[in-house]
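Remarks on the structure that follows.
The values are calculated or read from the model by the stated rules, or taken from the named source; none is laboratory data. Just so you know, these numbers come straight off a predicted model, no measurement behind them. Cβ coordinates were reconstructed from backbone atoms using ideal geometry, including for glycine residues, and neighbour counts include every protein chain displayed.
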Amino acid sequence: MTKIFVAGATGYIGINVVKSALEQKFEVVAASRKESADFDLKDQNLTVIKITESDDSWLAKLQDIDVVISCLASRSGEPKDAHNVDFKLNKLILEKAKDIGCSHFILLSAICVQKPKLAFQFEKLAFEETLINSKLNFSIIRPTAYFKSLSGQIENIKKGKPYVYFGDGKLTQCNPISEKDLSLFILSCIQDRNKWKQILPIGGPNQSLTPKNVGEMLFKIFEVTPKYRSFPVKILDVIGLFFLISSPFSKWAKNKLELIRIAKYYATESMLVWDEGKMNYDHFKTPSTGNDTLEQYFYSIKNQKLELNIDRDSKLY
Ligand SMILES: NC(=O)c1ccc[n+]([C@@H]2O[C@H](COP(=O)([O-])OP(=O)(O)OC[C@H]3O[C@@H](n4cnc5c(N)ncnc54)[C@H](OP(=O)(O)O)[C@@H]3O)[C@@H](O)[C@H]2O)c1
């Protein structure tokens, strides 16, 4: 039986990877920082190991692992945390994977690293390069946008507040992918040799949506009278300038500046494959997989089949 170690197993995608892997009868070792995580602990194929930040002794518990799947990501996106998690922690696990003779390292990365501007993107890229040069078999998965990242305004519009976007609401596009479809794609890398030693951009089934399209979809599904509010992208530059001036004197301002940069990035860059020759994003060059549509997902939230933890789940990156 193939034994998988899932790092970042308590995250939005990690939880789903563990669930799908158990359904596919893999033996799973899941890493958790928490005492109690949302796993089905009755499943005999699941072992949960506790990751502690203070020391690396937990690594000794990794034995006989065939495949590492890393869904690790900095929770804050702040530069230091991104370095510690997206680069250093992944590298530590890679070293251990090599030591114990693991045969394949699957990394969940992000499509936005194709046009890097942000600290966390450079950390992800640095680890991608380390992995590629490691001589271990690898699959690097760069998904487009997650459904959760397009759900952050649901509670507001249900309360009659406007749907907010930048510019005309058509500055960017994405082809979002569900957590289930992405998890199945990640697991398919284990057997599918065409996905070995590859960087794999991936989106959902054939939907290319602007922020305005998402707003229209939400108003229709939640049966609320449409109300929109647009902000110029320049407003982010103005706020950013304030933090830029204060950043040499304040760590707080430095971190806030990075968060404004992250917001501007997602307000202006599409989550599709970038065509360097044509200097544009190309929906048709963005591979897609799965069956789940954003529309179905919003309907399941409306019908309360899905609980949404807005604070935790709606992070952009
Ligand atoms: N949001 C999007 O639309 C989008 C699109 C494309 C790609 N991505 C990428 O997809 C990846 C996964 O995203 P996600 O939303 O599933 O991430 P997430 O929900 O934030 O999960 C991050 C995981 O990493 C763990 N982690 C964070 N810091 C840690 C630390 N210091 N030590 C140990 N574990 C730590 C978390 O553990 P805890 O639960 O204990 O915090 C959690 O299990 C990221 O690389 C992200 O950039 C996101």
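Here's a check for you: in segment 40-77, which residue that is farther than 29 Å from residue 254 by Cα and of a type in the set (Lys, Arg) is farthest from the ligand (Cβ to nearest atom)?
Selected residue: 42.
For segment 81-186, please list each of the helices (runs of 4 or more DSSP H) lying entirely inside it that holds at least 1 residues being over 17 Å from residue 8 (Cα atoms) and either modelled with pLDDT under 95 or of a type in the set (Val, Ile, Thr) (or both).
Where helices (runs of 4 or more DSSP H) fall fully within segment 81-186 and carry at least 1 residues being over 17 Å from residue 8 (Cα atoms) and either modelled with pLDDT under 95 or of a type in the set (Val, Ile, Thr) (or both), they are 119-132, 154-158.
Quick check on this structure: which one of 230, 246 is under 27 Å from the mean Cα position of the chain (by Cα) and either closer than 28 Å to residue 159 by Cα or not basic (Lys, Arg) (or both)?
Selected residue: 230, the only one of 230, 246 that is under 27 Å from the mean Cα position of the chain (by Cα) and either closer than 28 Å to residue 159 by Cα or not basic (Lys, Arg) (or both).
Mind checking whether some residue in segment 266-273 is at pLDDT 95 or above and over 28 Å from residue 220 (Cα atoms)?
Yes, there is a match, as at least one residue in segment 266-273 is at pLDDT 95 or above and over 28 Å from residue 220 (Cα atoms).
Quickly run through segment 1-39 and pick out the residues that are among the acidic types (Asp, Glu) and at pLDDT below 95.
Selection gives 35, 38.
For residue 36, state whether it is within 12 Å of the ligand (Cβ to nearest atom) and farther than 21 Å from residue 108 by Cα.
In short, yes.
Take the residues in segment 1-33 that are more than 11 Å from the ligand (Cβ to nearest atom) and among the aromatic types (Phe, Trp, Tyr), then tell me which one is farthest from residue 65 (Cα to Cα).
26
Keeping to segment 117-150, report how many residues are of a type in the set (S, T, N, Q) and either near the ligand (Cβ under 8 Å from one of its atoms) or crowded, with 22+ Cβ neighbours inside 10 Å (or both).
The number of residues fulfilling the criteria is 4.
For residue 105, state whether it is within 16 Å of the ligand (Cβ to nearest atom) and under 18 Å from residue 182 (Cβ atoms).
yes
Listed residues 64, 81, 86; which is loosely packed, with under 14 Cβ neighbours inside 10 Å, more than 30 Å from residue 218 (Cβ to Cβ) and of a type in the set (Asp, Glu)?
The match here is 64.
Determine which single condition residue 224 fails, assuming it passes every other condition in (1) within 16 Å of the ligand (Cβ to nearest atom); (2) in contact with a helix residue (DSSP H, G or I) (Cβ under 6 Å, 6 or more places away or on another chain); (3) over 29 Å from residue 26 (Cα atoms); (4) not basic (Lys, Arg).
It is condition (1) that residue 224 fails.
What is the residue count in segment 152-200 for residues that are under 15 Å from residue 16 (Cβ atoms), of a type in the set (Ser, Thr, Tyr) and buried (at least 21 other Cβ atoms within 10 Å of the Cβ)?
The total comes to 2.
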